[in-house]
Amino acid sequence: MQLIEAVPNVSEGKNDSLLRELSLAIRNEAGVRLLHVDPNADANRTVFTFVGEPQAVCRACLALYKTMITHADMRTHHGTHPRLGLVDVCPLVPVKDITLSEVATYAKQLGQQVATQFNIPVYLYEASATTTERKNLAFLRKGEYENLREKLTALPPDFGPKTYSDTIARTGATVIGARNFLIAFNISLNTQDVTPAKAIAAVLREKNGGLKSVKAIGWYMENYRCAQVSFNLTDFYTTGLASVFEACKKEAAKWNLEVTGSEIIGLVPQEALQQAGQFYAPHLAGEAQLYAATESLLLHKIRPFVLNERILEKLL
C-alpha cells in the first residue's frame, strides 16, 4: 500500500473550536489517520499531520481547505510566523512505496483542485515547483499576506486567480508541493530580546553560508516569555538536530546567552532522533538512546515531549 503524509499549516492557533472542526474534517475522510495536531497561539498557526493512501489524503486536504475557508478570515489574522493565507502551506511527503516524483504529481493535482473549487491562488513549491526559484518556500512567501496584491501581478500563481479581489483578501493564497521529511525545530534563549535570535538565525542559515540544508528565523514567543531561533531542517541526513542545537548554543554564548530548551513542531522521524542519540550517548542503544537525545536537546523543558506520541513511525 502506498502511503503519503500531509502536513498542512493553517493560520489559526487560538480558536479551539475551529481546530476541532478541522480535525473532524480530516478524520471523516475514510482511509486517513490524523496523527498529530500542534497549535501555537503566539504564531497563531497550527500544524496537522495525517497519513493515508494518496487519493484519500488529497480528499482530506480538500476538506481541510473547505472548513478553513468557511470559518476563518485572513483580514483579521495576526501572528509571528510568516504566512500567505488561511492554509499557508500544504506539503505532501512520501512515506511508503511511493517516490517523491509520484507525490509531486498528486500535489499538482491537489493544487489544481484547490484553485478550481475554492478560487484560491495556488503556488507550487519544492519537488512540484515549475521553476528553480519557486522551489523555495521563503521566495514564494516573501512580503507575506500583506503584499499579496502586488505578488499576484509580479509573481503569478501556478493555478487560480491572478487578480486580487475581496475573496482573495479573505482567503489569501496557498503553497502546495511534494517534499521529503522536514523537521521544524525551535530553540529558546534566556532573553526576551529578539535581536540575538535574529542574528543567530542569520549566521546559521544555509543561505548566508551557515549550516547546510538549514533555514532559520528569529522571533519572540509571548507565551514562553523568551526569544527563539526557529529552524527548518530540510535534510536531517545532511544536518541533524544535534548539529543545529550545538551550533545554536555556540552562537548564543557569543551573546552571553544560554539555550534553555527546544521543541519539535509536529512529528519527527525516529532516525533523526536516533542520530542525536548517537551523538550524545554513543554508549547507549535503542529506546535509551532516544531518551538520551530528548534530554540532551532539552526537548522536555518547554513543554512535554512523549516519545510514543511524537515519533512518526510509532504512530503509523
Principal-axis tilt of helix 16-27 within the chain, Cα atoms, nearest 10 degrees = 80 degrees
For residue 226, the residues 5 or more places away or on another chain with a placed amide H closer than 5 Å to its own amide H are 221
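What ranking, highest mean first, results for peptides 68-74, 259-265 when packing means the other Cβ atoms within 10 Å averaged over each residue? Could you put the intermediate results ahead of the total?
On the way: 68-74: 18.3, 259-265: 21.3.
Most protected by this proxy first, the peptides run 259-265, 68-74.
May I ask you to order 138-150, 172-184 by the average number of other C-beta atoms within 10 Å around their residues, highest value first? Don't jump to the answer; show the numbers that get you there.
Numbers: 138-150: 15.8, 172-184: 24.2.
Sorting 138-150, 172-184 by mean packing, highest first, produces 172-184, 138-150.
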What angle, in degrees between 0 and 90 and rounded to the nearest 10, separates the Cα long axis of helix 241-254 from the longest principal axis of the Cα atoms of the chain?
-> 70 degrees
Quick one: Karplus J couplings for region 262-275, per residue in order, coefficients 6.51, -1.76, 1.60, θ = phi - 60°, nearest Hz, x for Gly and Pro?
-> 8, 8, 9, 8, x, 9, 10, x, 4, 4, 5, 6, 5, 4
For helix 286-296, report the angle its Cα long axis makes with the longest principal axis of the Cα atoms of the chain; keep it between 0 and 90° and round to the nearest 10°.
-> 90 degrees
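Rounded to the nearest 500, what is the 222 nm mean residue ellipticity of the chain from helices alone, with -39500 (n - 2.57) per DSSP H run of 4+ residues and division by all residues?
-11500 deg cm²/dmol
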Rounded, prolate or oblate: which one fits region 23-74, using the alpha carbon gyration tensor with axes a ≥ b ≥ c (rounded when a/c is under 1.5, else prolate when a/b beats b/c, else oblate)?
-> oblate
What is the list of residues in region 28-60 whose amide nitrogen lies under 14 Å from a point 7 angstrom out from the Cα of residue 309, following Cα to Cβ?
-> 35-39
Region 231-258 scanned against label point 7 Å out from residue 208 along Cα→C-beta; backbone N under 18 Å for 231-234, 244-258
Which residues' amide hydrogens lie under 5 Å from the amide hydrogen of residue 123, considering only partners 5 or more residues apart or on another chain, with H built in the peptide plane?
-> 158, 174, 175, 176
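What full-extension length gain, to one decimal in nm, is calculated for residue 21 and residue 66 as 0.36 nm per residue of separation minus the Cα-Cα distance?
Values: separation 45, 0.36 × 45 = 16.20 nm, distance 1.08 nm.
Additional length available on full extension: 15.1 nm.
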Per its Cα gyration tensor (rounded if a/c is under 1.5, else prolate when a/b beats b/c, else oblate), region 80-197 is best filed as oblate
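For region 183-315, rounded, prolate or oblate, judged on the Cα gyration tensor with a ≥ b ≥ c (square roots of eigenvalues), a/c < 1.5 rounded, else prolate if a/b > b/c? Present the calculation step by step, with values, prior to reporting the outcome.
Details: a/c = 1.76, a/b = 1.47, b/c = 1.20.
Cα axes put region 183-315 in the prolate bin.
If you stretched the chain out fully between residue 78 and residue 14, how much longer would it get, using 0.36 nm times the residue separation minus the C-alpha to C-alpha distance? Please report the intermediate quantities before stating the final value.
Details: separation 64, 0.36 × 64 = 23.04 nm, distance 1.08 nm.
That pair, residue 78 and residue 14, stretches by 22.0 nm at full extension.
For a quick protection proxy, order the peptides 122-129, 40-47 by their average other-Cβ count within 10 Å, most packed first.
On the way: 122-129: 25.1, 40-47: 19.9.
In decreasing order of mean packing, 122-129, 40-47 become 122-129, 40-47.
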Provide, for q = 0.15 Å⁻¹, the log10 of I(q)/I(0) from a solvent-free Debye sum over equal Cα point scatterers in the chain.
-> -1.28
Mind giving me the nanometre distance, one decimal, between the label points for residue 270 and residue 55, set 7 Å out from Cα along Cα→Cβ?
-> 3.1 nm
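How much length is gained on full extension from residue 199 to residue 109, taking 0.36 nm per residue of separation minus their Cα-Cα distance?
Values: separation 90, 0.36 × 90 = 32.40 nm, distance 3.94 nm.
Using 0.36 nm per residue and subtracting the Cα-Cα distance, I get 28.5 nm.
Every read-out reported here was derived from the displayed coordinates using simple, explicitly stated rules and does not represent laboratory data. Computed from a prediction, not measured in an experiment: that's the story for all the values here. Note that we place each Cβ from the backbone using ideal geometry, even for glycine, and neighbour counts take in every protein chain shown.
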